[in-house]
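Take a look at the structure below.
The values are calculated or read from the model by the stated rules, or taken from the named source; none is laboratory data. Every value quoted in this text rests on a predicted model; they were computed, and no experiment measured them. Backbone-built Cβ (ideal geometry, glycine too); neighbour counts: all protein chains shown.
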Amino acid sequence: MLQGWVIASVSFAYLGVLFGIAYFGDKRADAGRSVIANPTIYALSLAVYCTTWTFYGSVGRAATTGIGFLPIYLGPTLMAGLWWYVMLKIIRISKANRITSIADFISSRYGKSQSLGGLVTIIAVVGIVPYISLQLKAVSNSFIILLNYPGIVMPAKAGAQPLLQDSALYIAMILAAFTILFGTRHLDATERHEGMVAAIAFESLVKLLAFLAVGIFVTFGIYNGFGDIFDRAELVPKLKALMTVADSGASYGSWWSLTFLSMLSIMFLPRQFQIAVVENVNERHLARAIWLFPLYLILINIFVLPIAVGGMLHFPDGSVDADTFVLTLPMVERQEALALFVFIGGLSAATGMVIVETIALSTMVCNDLVMPVLLRWKALRLHEEQDLSWLLLSIRRWAIAAILLLGYIYFRAAGEAYALVGIGLISFAAVAQFAPAIFGGIYWKGGTRQGAIAGLTAGFAVWTYTLLLPSFAKSGWLSLDFIKEGLFGVTLLKPQQLFGLAGLDEISHSLFWSMLANIGCYVAVSLRRRPDVVETSQGTLFVDVFRHTEGAGRSRFWRGSAQVQDLLPLIGRFLGPERAREAFLAYARRHGQTSIEQLQANADLVHFAETLLAGAIGGASARVMVASVVKEEPLGIDEVMNILDEASQVRAYSRQLEQKSRELEAATAELRAANERLKELDRMKDDFMSTVTHELRTPLTSIRAFSEILLEDPKTNLANRKKFLAIIVKETERLTRLINQVLDMAKIESGNAEWHTAEIDLHEVIEESVAATSSLFGDKRLSLDMALEGGVPKVMADRDRLIQVMLNLLSNAVKFCEADRGRVAVKLSAGGDAVRVDVEDNGPGISEQDQRTIFEKFRQVGDTMTAKPQGTGLGLPISRQIIEHFGGRLWVESSPGQGATFSFTLPLNREGDTRHEERTEK
Amino acid sequence: MSKRILIVDDEPNIVVSLEFLMKREGFEVAVAADGEAALRSVEEKKPDLVLLDIMLPKKNGFEVCQTIRANPEWQSIKVVMLTAKGRDTEVAKGTALGADAYMTKPFSTKDLIAQVRQILDMA
């Protein structure tokens, strides 16, 4: 005999254990040694998904639809496969923006909109209340059934109980008190409840073990394994039908929509968002959850069918509700302890769900619904309050109590019209409305606040009309007429056959129309205008979260001025002055300061303060509050676009920088080479000066010596006197020639030479040069042959300069030719695109080594014993410079003993000329 | 007995002037136009003093000076270097190689004669 007090005290003891775990978890968290920094605990806590609906309801659904209970678990399993893409992104976004709830997430995404946050909160509360009532119903029913042990008595209709004798009311009150203790002991900037997560993970284990225990007991205790149960079921026609998969199109459609619905629910149920996103301590925990959580779902579903079939075999008359098989089967077999354990498992599933769900909802109600209103309500004078943290906590506590009360009211009103699963699905369909705004928000930058509001409103309205109101109607709260006849008697408006769409179950039907309205309105309204400044910046932070890491990007979108003395008290009002000081001090230390007073109130600090506040009162309110104490200069849309452009161009910039640095290196190398050349030129200039000095001193030596000799001894004999004076004159001429040529050379090299370029007939130039040197030839009695081709085209050049070249070549030839036997030949020819002049002599020739050096300055060839060559050593270098100036080439061909031929060419077309100009200009 | 002077220079006009000057002072004069000819002349008949140009064909003045100083028999030969290159490094190099004096072209004939006389202890 299980007396009421036994059940109650075991239940309270269990809750006490839970509270102990939570308390321990919080203490450890405060000490910095988190108990939940463990991927397995994260995965287990996600199993808060499995409520009493799973615990009792799966068997109930299996008893009516066979494996129709599976989509609810198939969906999450499929979704888990996508978590690494979708959930990771949501977690990353939420951490960067200190998101506290799903309402906060959506309102932050669409420009920190308070109205959007409020709308989401309302949808969530209205949508989740049936779900909470489901938990109350399950716990209360299981309590009543267990109370009648060993008799199997189905509980009376919920409404039939007098209020004060209704166990569900007391359960609701106990759960409210317990949740308040759990969730609102203090305000945390990140809204994290480590102790609660630890307790939830523990509960997940308890309910799994309890369910497995029943499953094993039924399968192997009552029957002889899986085979035995199904063999027996084969014999009963009604049960045989259950074993086959859906047999009509509608059933397939229902399968599909349930799977889809549960895929969205595992993401967007407020409690799943709370556990998976807000309470996540480490992104990498997700990796284990992706396989561990589906594994958990498989384990908790293995025995669903055996229990369902076993129950139906055991109670063939249908007097026992299939939802209670988990409990009634052990009872009928007189397994007192097991039945109690199952009750605890169910209680565990219910408390887990209620605690997390109401904490999540209360945060949303407080941050996104109540606080925005209170803060605007000037009469409350909240702006003058020094510490508002008590207010936040009390709002949340009242919100928890109110939500559970609503759940109880729904339970009293509609609880009997639906089986457990039916109620749960209504909630699933409600939270599915968040999907377009969230998926659109994290993958599409074009979504706008109005789009999200329109989509959510439309979807919610359709949901209300097609699911919620019919559920009220079926409970007798509303007349059933509008379901049967359509609103105002219009058949097309029948809530469960909207616009004539029939043949779907009510969930699929509602899902179809609400999603159509939701997505359609979201996209259509969003496309009506470009996102504004805040939407663009938030959209970028959300969509490109993997590029804007660590929230560093956020402060880029803020400009203005602020004072630390304003920010600190503001944060203090909501977090409590002490916590605020601690947080600011920690921030200061992270930034290398020792005290709060040293902090610079820049964009980063404002951003820090805002996120700190967002953790307590939500993003939208935090923005409003921070804006009230700082002077903000709004950014124009163009500026935001610029910032975004800059961000996307950062990588391009860095590539350009690398490129630039490579170019710089190349330029440095070029400069170094140029410097080397300059040094070389400097050395050459040095050598040149030294050589010129030498060449000047040499004639001066003779001149001075003979002048002194003549001056000292006026009686020098006439022959000597004549000889000495002749030398003086000759050396003076040599000096003059040298100076002229050095200056000439310098002019040409520096580019300051004057060039009188005109059309020149080379024939004429050669004739004139030969005439000028004829006396030299005559002196040495040399022969001169001329072979000048007729009709040679004219070239563009400087006439005097070409004569200078010819004179140099001719006089060189004369110089090296032996008197009497010497022979010089001059040739002029045209070929291809150039004219060519050759001056050939039969002198001693030039060795290969000398051929390279004669064009250098002050290099002369000659056997000085016999004939010291006359000249400055500048003739050939100057000649080569002149010819090259006109785009031609001057070179020598010779072998020792065979004479030498100096040749030059000049181009016929002007292009060669200009090409050369370009080269010299470089 | 008059002292013998060897004049080594590749500029004919300078050789003419030096030859005239030295003969006027009563020295016996020999002439060479390049480094190798100079060493041959020294071998043939050892001079008391060499007036040695540096920029010479075949063997330059430094090499000639070095060769003379390397031969113990030629230690008594005085060497006066004459050069158109007046840089300090050239002077230092000549002195280091054992030249007795160094004169930069163009020189004062008086100074040159005085220098030669002093080195030959005839002052």
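Scanning the stretch A:732-777 for residues that are among the small types (Gly, Ala, Ser), surrounded by fewer than 16 Cβ atoms within 10 Å (Cβ to Cβ) and in a helix (DSSP H, G or I) turns up A:Ala746, A:Ser750, A:Ala771, A:Ala772, A:Ser774, A:Ser775.
Looking only at the stretch A:686-726, count how many residues are more than 8 Å from chain B (Cβ to nearest Cβ), under 29 Å from A:Gly873 (Cα atoms) and hydroxyl-bearing (Ser, Thr, Tyr). Residues that pass the stated criteria total 2. Screening A:Val729 with (1) within 13 Å of chain B (Cβ to nearest Cβ); (2) crowded, with 16+ Cβ neighbours inside 10 Å; (3) closer than 26 Å to A:Phe816 by Cα; (4) of a type outside the set (Lys, Arg) gives one miss only, at (2). Restricting A:Val543, A:Val606 to residues that are surrounded by 13 or more Cβ atoms within 10 Å (Cβ to Cβ), modelled with pLDDT of 75 or more and touching a strand residue (DSSP E or B) at 6+ places or on another chain (Cβ under 8 Å) narrows the list to A:Val606.
Among the residues of the stretch A:578-586, not a single one is crowded, with 16+ Cβ neighbours inside 10 Å, at pLDDT 75 or above and in a loop (DSSP other than H, G, I, E, B). For the stretch B:17-51, filtered to residues that are assigned to a helix (DSSP H, G or I) and touching a helix residue (DSSP H, G or I) at 6+ places or on another chain (Cβ under 7 Å), the residue that is farthest from the other protein chains (Cβ to nearest Cβ) is B:Val42. Among residues of the stretch A:52-85 being farther than 23 Å from A:Ser348 by Cβ and among the β-branched types (Val, Ile, Thr), the one that is surrounded by the fewest Cβ atoms within 10 Å (Cβ to Cβ) is A:Thr64. Each residue in the stretch B:1-16 was checked for being in a helix (DSSP H, G or I) and at the interface with another protein chain (Cβ under 9 Å from one of its Cβ atoms), and 4 pass. Meeting the requirement of 2 or more residues that are in contact with a Cys (Cβ under 8 Å, 6 or more places away or on another chain) and within 29 Å of A:Thr40 (Cα to Cα), the helices (runs of 4 or more DSSP H) wholly within the stretch A:267-335 are A:285-301. Taking into account only those residues within the stretch A:1-47 that are assigned to a loop (DSSP other than H, G, I, E, B) and under 29 Å from A:Pro294 (Cβ atoms), which is modelled with the highest pLDDT? Here the answer is A:Asn38. Just one residue in the set A:Leu136, A:Leu88, A:Leu146 is buried (at least 24 other Cβ atoms within 10 Å of the Cβ) and touching a residue at least 24 places away in the same chain (Cβ under 8 Å); that residue is A:Leu136. Mind checking which residues of the stretch A:109-129 are at pLDDT below 85 and touching a Gly at 6+ places or on another chain (Cβ under 9 Å)? Within the stretch A:109-129, A:Gly111, A:Lys112, A:Gln114 meet the criteria. Would a scan of the stretch B:80-89 turn up a residue that is free of Cβ contacts under 8 Å to residues at least 12 places away in the same chain, of a type in the set (Asp, Glu) and over 30 Å from A:Thr716 (Cβ atoms)? Yes. Scanning the stretch B:88-117 for residues that are among the polar types (S, T, N, Q), assigned to a helix (DSSP H, G or I) and at the interface with another protein chain (Cβ under 10 Å from one of its Cβ atoms) yields a single hit, B:Thr109. Which members of the stretch A:48-66 meet the condition of being in a helix (DSSP H, G or I) and closer than 19 Å to A:Val214 by Cβ? The answer is A:Thr52, A:Trp53, A:Thr54, A:Phe55, A:Tyr56, A:Gly57, A:Ser58, A:Val59, A:Gly60, A:Arg61, A:Ala62, A:Ala63.
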